[in-house]
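Since the structure comes first, as structure tokens, the remarks are kept for the end.
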Amino acid sequence: MSNMINARNKTIEIEGARKAAGNVTKGRIRFAILMFSIFFVIIGARLVQFGYSDINHIYRGQERDLATASRPNVLDRNGQKMAIDISVPSLFAEPRRIIDVEEAVSKLRQELPDLDEDWLRDRLTGDEGFVWIARELTPRQQARIFRLGIPGIDFRVESKRFYPGAETAAHILGAVNRDNQGIAGFERYIDGEDLALLQEIGLARGRSLEPINMSIDMRVQHAMHAELVDAIERYDAIAAAGVLLDIKTGEVLALVSLPDFDPNVPSSALEPYNGVKGARINRITAGTFEMGSTVKTISFAAALDSGKVSMTDEFDARLGVKFGRFTINDYRGKKRILTVPEVFKYSSNIGTIRMMQALGKENYRAFLTKLGFDDDLPIELPEIKASKIAKNFSDVGAATASFGHGFTITPLHLAAGVAAIVNDGNYVPPTLYKRSVSEAKTLYRSVISPDTSAKIRYLLRLNALEGSARKANDIADGYRFGGKTGTAEKVVNGKYSSDYTFAAFVSAFPLDKPKYTMVVIIDEPKAENERAGTTAGWNAGMTSGRIIKRIALLLGIKPEFDDNIDANLMPIELR
């Protein structure tokens, strides 16, 4: 009996030991599974982290991550490519794997003779794991270097920014550096102020890159660029620039500033032009100038909208306006009493001053602020410059300001201001992005009445038919454009010099159904021939006419020669 009990106890002990051992084994397995799970979760999390982060490994001052980063394609309003990424091979070395430095130096310089021998030897010497040797090589160079069979030498595919239009839109697009980072123009803008927006909508580096559509029309851009290149040669000028705005939306359809550069070679932006350093700036947004009599368009709008001046008023322009020992006269004055339309078409400084005085200098200064001349324009470019306008005008300061002297603004300020004046008085900020009319109307800000706007459109057209814009109208006949010239003497050694002038022309078209406004400037133009003059009508005006003639049909504007169109522009009180 006791033997049976002992056997049974032994059986129970064995089964208990087996069960305990099984539990230990299961616990160990569970622990192992838990540890492996934690390990793989950590690895997965790190992989996800690496996938969403920009890694900045720097080797001898060179960044590797941004070099392979892609940028969104930039397209014009019609889908034409303005800036794209292409893949290029770049040569790097791992010095710690180089077997014979001298042999490597000798062979590499056979294919890349521009590399400095001492510099290359220093790059290949050491125990570093990565150093750049040469960036952005051709596939042919890559194949030849591969055949050299040098240990420790390899290639990396990089993204390189390519601009199919080369210099055509240089000052709009700007440029990127070797690491594909924006350093100027729109390229820098989308890497800076706009980066948060791009990240939010999924356009930032490392994510799905959707194209960016700009407001620019490359057909119009090319035409403007070609005509301004011709203008510099034709008038032997030191610079020229132009900008075209859609007055309804504020969209910039074309923007050119010469001299320019090739964004495919960013260093060309720093090259002197005719021996002058820093000449390749964007004069439309980063250059401020005395815009001369083009500003009379602004002065007339202010005076007429105030109600203190009417279209039927007359002003005495027989004698100059005196301020102490200074007297302001007209250029080729009529020496008689002038009506308001005559003051405009003859560009009378005297008449314009009289109108401004009727308005009041404080009111005139306030109107410049109302047009946004005191503010930095919110254009999508980093290259912008503030206006220089006295906070308060003296009597003589207000007088000279009324005809565009004594203060400086950018050509884009002028274009945006005149666009508002001909757009029934509705100001809209200019933009390089596509914008619909309905979107633009939410941004409208009234600066003058529609009635005043109609009167200014008439005066601009009158000047094209009978005034200083006649030569431009002869070229662009049929497109119902109007404009105002401005010729300003430049300041040399602190004094105005008649030997150096700045010519500007502001225009709008078609004035029966206003759609576009344009500003063209030409710096220090010379007479085209012995019979020609040097004032703006002979150069900036005629250049504007040539541009309009080339782009009007592209913009859907057909020529019309019905005299009733011009007759209908005349205000009722003048008929």
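Values as computed for the structure displayed
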read-out: Some residue of region 437-453 being in a loop (DSSP other than H, G, I, E, B), β-branched (Val, Ile, Thr), in the same structural domain as Met542 (by TED's automatic domain parsing) and exposed (fewer than 15 other Cβ atoms within 10 Å of the Cβ); value: yes
read-out: Meets criteria (within 19 Å of Thr288 (Cα to Cα) and surrounded by fewer than 18 Cβ atoms within 10 Å (Cβ to Cβ)) for Asp395; value: no
read-out: Among the candidates Phe367, Phe315, residue that is outside any helix (DSSP H, G or I) and either in contact (Cβ under 8 Å) with a residue 60 or more places away in the chain or touching a helix residue (DSSP H, G or I) at 6+ places or on another chain (Cβ under 7 Å) (or both); value: Phe315
read-out: Options Ala454, Ala476, Ala504; residue that is under 21 Å from Leu412 (Cβ atoms), small (Gly, Ala, Ser) and touching a residue at least 60 places away in the same chain (Cβ under 8 Å); value: Ala504
read-out: Count - residues of region 366-379 that are buried (at least 20 other Cβ atoms within 10 Å of the Cβ) and either among the acidic types (Asp, Glu) or touching a strand residue (DSSP E or B) at 6+ places or on another chain (Cβ under 6 Å) (or both); value: 1
read-out: Candidates Lys308, Lys334, filtered to the one that is at pLDDT 95 or above, out of contact with any Cys (no Cβ under 9 Å at 6 or more places or on another chain), in a loop (DSSP other than H, G, I, E, B) and not assigned by TED's automatic domain parsing to the domain that holds Arg135; value: Lys308
read-out: Sole exception among (1) within 20 Å of Pro89 (Cα to Cα); (2) touching a residue at least 40 places away in the same chain (Cβ under 8 Å); (3) assigned to a helix (DSSP H, G or I) for Asp154, by number; value: (3)
read-out: Inter-residue pairs, beta-carbon under 9 Å, first farther than 18 Å from His405 by Cα and in contact (Cβ under 8 Å) with a residue 24 or more places away in the chain and in region 321-340, second in a loop (DSSP other than H, G, I, E, B) and among the charged types (D, E, K, R), 6+ apart; value: Thr339/Asp313; Val340/Asp313
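Residues are listed down the side, and each one gets a yes or a no for (1) of a type outside the set (Gly, Ala, Ser); (2) within 27 Å of the chain's Cα centre (by Cα); (3) under 23 Å from Ala286 (Cα atoms):
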site: Ile328; (1), (2), (3): yes, no, no
site: Ile337; (1), (2), (3): yes, no, no
site: Lys345; (1), (2), (3): yes, no, no
site: Gln357; (1), (2), (3): yes, no, no
site: Leu368; (1), (2), (3): yes, yes, yes
site: Glu383; (1), (2), (3): yes, yes, yes
site: Lys391; (1), (2), (3): yes, no, yes
site: Thr400; (1), (2), (3): yes, no, no
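The values are calculated or read from the model by the stated rules, or taken from the named source; none is laboratory data. Since we're looking at a predicted model, the values are computed, not measured. Note that each Cβ is placed from the backbone with ideal geometry, even for glycine, and that neighbours are counted across all protein chains shown.
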